[in-house]
1. Can you name every residue in the stretch A:22-73 that is of a type in the set (Asp, Glu) and touching a residue at least 24 places away in the same chain (Cβ under 8 Å)?
2. Out of the stretch A:231-255, which residues are surrounded by fewer than 17 Cβ atoms within 10 Å (Cβ to Cβ) and within 19 Å of A:Ala205 (Cβ to Cβ)?
3. Are any of the residues in the stretch A:280-298 modelled with pLDDT of 75 or more and in the same structural domain as A:Pro217 (by TED's automatic domain parsing)?
4. Please specify each residue of the stretch A:217-264 satisfying the condition of being assigned to a loop (DSSP other than H, G, I, E, B) and within 27 Å of the chain's Cα centre (by Cα).
5. When only residues in the stretch B:1-50 that are among the β-branched types (Val, Ile, Thr) and surrounded by fewer than 20 Cβ atoms within 10 Å (Cβ to Cβ) count, which is modelled with the highest pLDDT?
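The values are calculated or read from the model by the stated rules, or taken from the named source; none is laboratory data. In this text the structure is predicted, and so the values were computed from the model without any measurement. All Cβ positions, glycine included, derive from the backbone under ideal geometry; neighbour counts span all protein chains shown.
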Amino acid sequence: MEANRNCESVQPELLGWLAGDLSAADQRAVEAHLAQCPACQQELTAVRQLWDALGTVPTPEPSEQLRPRFYSMLAEFQAAEVQKHRWSVAGLLERLREWWQPAYALRLAYSVALLVVGLVVGYGLKGRPETVGPDSPPLAAASQPASNPAAVQQVHLLEQLANPSAVQRLKAVSNAEEVAPTNERVLAALLSTLNQDPNVNVRLAALEVLSSLTEEPMVRQGLIKSLTQQDSPLVQSALADLMVQLQDRRSVRPLRKLLQQENLNQQVKSKIEQSIETLSNDQAPHPSTPPTSHETHPDIRSDLAPTVAA
Amino acid sequence: MLQVKAGQVEKMALLFERYHRPLYGFFYHSNGHPATSEDLVQNVFYRMLKYRHTFTGEGEFRTWMYHLARNVLADAAKKNKPSAHHQDIADWAEKLAGGPTADAGLQQAQDVELLHQALGQLSAEQREVLVLSRFQELKYEQIAQLLDTTVGAVKVRAHRALGQLKNIYLKLENGSKQEL
Ligand SMILES: [Zn+2]
């Protein structure tokens, strides 16, 4: 077979032979033919020359703009992704999980409960009749005519925070980060959302935004005060974590008070006790309870479900 | 790449550092436009981000990357100028950093320019297989996968492309000698 290879079938193999890109059998066949065919030897020389010459054509360097252009495109893309992710049910679940890690066996039931919440937020509340009609004056807008764009955005934001749709309120909370994160009225509205919004997801989103603004004394105080006003284990637990993170010992008293609340979730209770201990001992922050400590409290599901769905 | 797929978009920065030069070379040798080639490189990385879910992890990342690059090139060719494989001899001489003597350097620069021009005059299909194997150093197997064909077909196409390149080169060389 090898001896039978003719020039026509060998010549297309010469490039591959030069590049070392032939199968062992093909390589042997080509070499056997080359050894006894001067015409193909000549062809090989010509192919080699051209192949080598082609290799000397240089590739210029891309300009210095290429790298910065790529990185700014990447940053834009990332920002857009974060925004998209934030509003997906998966993103919501993920963020809730960061705060709250139920025992592994319970996660599924828990996730299902949250998924239901997500769907309710997504579809159920959208259809709810608008309680704020066009006649009723928008919150905070009436007193001050908004002339500059920033003020218009703020007024819009405050209106949105009072929107009957939970989805709209969630969006408003997220926008607060961009529009006017340190404006006093916006902060007050966010704190009031944290304490009073009927939807736990909106309250958690408000908490997330506020937890990045703890440099503001008003936010810090508002968060400490909020401890005793929460009835959702998710929010309670997230707040307790945040207090440990902030190492704010002023929160010890409201945390103690929270412990006296009736129907306090067992898991939250132990988390708060631990937070108090950490804060009292003035230790380095332990922001999150290790997940293993939850495994002894299988009663969490029955406690969580009604609260989350509220 | 699977990490990028999992949402760790910042891993894309590593891929950029590793592959932007080869990709730039792919476009540059394909279309001869330095500036356009940069746009197309950017375009490939954008598509990588956007379509990262289409990289299954089976097969090689490079094959997937060149798959996107070929699409970008084809899209650009539809609306863009024809290829412009032309550079001043002086540019080449500079890039080649001279031969043993100034004359030898100039001669080499002229050869390179002719080869570069000849590459530009090949059909897109023939040029592609040479660019992928010579400049991108892909194996026949990878090229076959990329072009959705057999190794045998790739070998034949490369062989014919090289023969055609030689014909064009000789014609150009003749022309340039007559000019002198
Ligand atoms: Zn022969």
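1. The one that is of a type in the set (Asp, Glu) and touching a residue at least 24 places away in the same chain (Cβ under 8 Å): A:Glu43.
2. Of everything in the stretch A:231-255, those that are surrounded by fewer than 17 Cβ atoms within 10 Å (Cβ to Cβ) and within 19 Å of A:Ala205 (Cβ to Cβ) turn out to be A:Asp231, A:Gln245.
3. yes
4. If the condition is that a residue be assigned to a loop (DSSP other than H, G, I, E, B) and within 27 Å of the chain's Cα centre (by Cα), then A:Gln230, A:Asp231, A:Ser232, A:Gln247, A:Asp248 are the ones that fit.
5. B:Thr36
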